[in-house]
Amino acid sequence: MNTVSKKLQNMTNQAQTRLLLALWELGGAKQEVNKGKLHDRIKSKDKKIADFKDIFDELEEKGAIAISKKGYTLASPEGLEVLSEGLKSADFKFEGTIVGTWAANALVRWIGEMDGASGANVPVDRVKSEIKSYDEFQKVTLSVYDKLNRDYNLNDLVPIYRIRREIGDRVSRFEFSDWLLEMQANDILQLQGNSVEDSAPDKIEDSITTELDGLRCFAKRLKF
């Protein structure tokens, strides 16, 4: 790779990292972020949103982000891994002389959450490791349920798509659905019908549909 090509690649990598950091700071690893909110974070006097099209496309192709008509989601673990590697790169830097408050705060929060109290680097795949059994899935799911219910005041009725996206690729889509139904059979969760708040096709797809019960979009915890 010649010097010019390397410089262009570095610029692309840095733009991707800043975009992923903004998406993560807005909560994109937990829920879909409205397009307008992310656009406000990354656009500047020199760059319009149209200038980021190739970057969005490349990140989506990598599996680092998911794009819907209304917003963006930071994929787990792929998106977190790309962001982690980008922040660790010796070439990463912020352009200009002034760094936005959101970026500085996001970096401080990232260090605190990913590096831990000891300051030692913790690989992303260790932070969110693969779920290999039903018992482990049950523990993780209840923890995710409680966190979402508490942080977003969901009144004990948590959307299944949010639980699925929070757990991410730690478990296959089939195992997620199968084990969640097993939790219902064991009277740990009750899966309820209705539709998601905006009837978004991607959110419905990330819910659960069975031949007997039809579409189930919400989970209610029965055992505490």
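All of the numbers you see were taken from the coordinates with simple rules; none came from a lab. Nothing here was measured: the structure is a model prediction, and the numbers come from that model. Note that each Cβ is placed from the backbone with ideal geometry, even for glycine, and that neighbours are counted across all protein chains shown.
A few notes on this one:
- Distance between the pseudo-spin-label points of LYS62 and ASP146 (7 Å out from Cα toward the beta carbon): 3.5 nm.
- GluC sites (Glu not before Pro), loop per DSSP, at most 10 other Cβ atoms within 10 Å - longest free stretch of the chain: 1-196
- Top of PRO201, PRO77, PRO159 by mean-square fluctuation, Gaussian network on the chain, Cα under 10 Å: PRO201
- Axis angle, to the nearest 10 degrees, between helix 134-151 and the longest C-alpha principal axis of the chain: 70 degrees.
- Close amide H pairs (under 5 Å, H built 1.01 Å from N) link ILE65 with GLU60, ALA75, residues at least 5 positions away or on another chain.
- Contact order for the chain, expressed relative to its length and based on alpha carbon pairs under 8 Å spaced 6+ residues apart, stands at 17 percent.
- Diffusion of region 145-198 by Stokes-Einstein, at 25 °C in a medium of 0.890 mPa s and with Rh set to the Kirkwood radius over alpha-carbon pairs, works out to 204 µm²/s.
- Exceeding the 22 Å Cα-Cα cut-off - candidates LYS30/LYS69; LYS35/LYS203; LYS30/LYS203; LYS88/LYS132: LYS88/LYS132
- Fully extending the segment from ALA90 to THR12, taken as 0.36 nm per residue of separation minus the present Cα-Cα distance, adds 26.6 nm.
- Long-range amide H partners of LEU222 with built H, under 5 Å: LEU189, GLN190
- On Cα atoms only, tilt of 78-88 relative to the major axis of the chain in degrees: 30
- Overall size of the chain from C-alpha positions, given as principal axis extents largest first: 60, 40, 34 Å.
- Cross-link pairs exceeding 19 Å between alpha carbons, from the set LYS37/LYS70; LYS47/LYS93; LYS62/LYS139: LYS62/LYS139.
- Amide hydrogen proximity for LEU215: with H placed 1.01 Å from N in the peptide plane, the residues at 5 or more positions away or on another chain lying under 5 Å are THR210.
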